[in-house]
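The values are calculated or read from the model by the stated rules, or taken from the named source; none is laboratory data. All figures in this text were calculated on a predicted structure; none of them were measured in a lab. Note that we place each Cβ from the backbone using ideal geometry, even for glycine, and neighbour counts take in every protein chain shown. Note: areas computed on protein heavy atoms with side chains; ligands, DNA, RNA excluded. Shrake-Rupley method; radii C 1.70, N 1.55, O 1.52, S 1.80 Å.
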Amino acid sequence: MSSALKNLSDFNHTNIPNGLGMRIAVVIAEWNIEITGALRDGAIETLLKNGVSDKDIIVKYVPGSFELTMGAQLLCEDKTVDAVICLGCVIQGETRHFDFICDAVAQGVTNVSLKYNKPVIFGLLTPNTHQQAQDRAGGKHGNKGDEAAVTALKMVALQKSL
Ligand code: DLZ
């Protein structure tokens, strides 16, 4: 698996657009908050580092990853929001809901994004173990929240360029 070999956060850190003037919402699942909180911190740090103003970062929480889609939809209703970053963590083996939740979020995020014509970023960790989650939430494979923030900046810049 490619992620066994590298820090995934290095992968998309080229040509990051400046986020000044962008308004970005971050929706975080409270399940596995020790992981999703680290994803949130990585995402916010990356947004700030790349020019997004503190006042233009909206942070909201939903109970679990299944609710990320609804959270994203509510935030997309706000016309001042340019993009929504969804952050969650579903650990396989911990729940029989794993496949249902992951499929629902992937489909839901896609649907909301297309419905509102707005970038909605899929920042859902789907690891087999808690250790794998930690490795991707500020550990040896980087921080998926960081990557999600870069993706949001790139997608908003793309949209604004058209
Ligand atoms: C119920 C549940 C379970 C078992 N596991 C997780 C998980 O690992 N990660 C996560 O984000 N949420 C989990 N949930 C909660 C669901 O996402 C959802 O909040 C509930 O099913 C209520 O709709």
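Some points to look at:
- For beta carbons closer than 8 Å, sequence separation of 6+ or different chains, a first residue in the range 33-51 that is free of Cβ contacts under 8 Å to residues at least 60 places away in the same chain and within 10 Å of A149 (Cβ to Cβ) and a second that is surrounded by fewer than 20 Cβ atoms within 10 Å (Cβ to Cβ) and hydrophobic (A, V, I, L, M, F, W, C), the qualifying pairs are L48/I57.
- The range 106-127, subset part of a strand (DSSP E or B) and away from the ligand (no atom under 13 Å from the Cβ), residue farthest from G145 (Cα to Cα): V120
- Residue in the range 3-14 that is among the acidic types (D, E), surrounded by fewer than 15 Cβ atoms within 10 Å (Cβ to Cβ) and modelled with pLDDT of 95 or more present: no
- Yes/no for V62 being closer than 23 Å to G142 by Cβ, of a type in the set (V, I, T) and either within 16 Å of the ligand (Cβ to nearest atom) or surrounded by 20 or more Cβ atoms within 10 Å (Cβ to Cβ) (or both): no
- Residue within the range 29-36 that is part of a loop (DSSP other than H, G, I, E, B), surrounded by fewer than 19 Cβ atoms within 10 Å (Cβ to Cβ) and within 16 Å of the ligand (Cβ to nearest atom) present: yes
- Of the residues making up the range 144-155, none is farther than 19 Å from L75 by Cα, of a type in the set (D, E, K, R) and at pLDDT below 95.
- Subset of the range 74-105 (residues that are near the ligand (Cβ under 7 Å from one of its atoms) and open to solvent by 90 Å² or more (accessible area, probe 1.4 Å)): E94, H97
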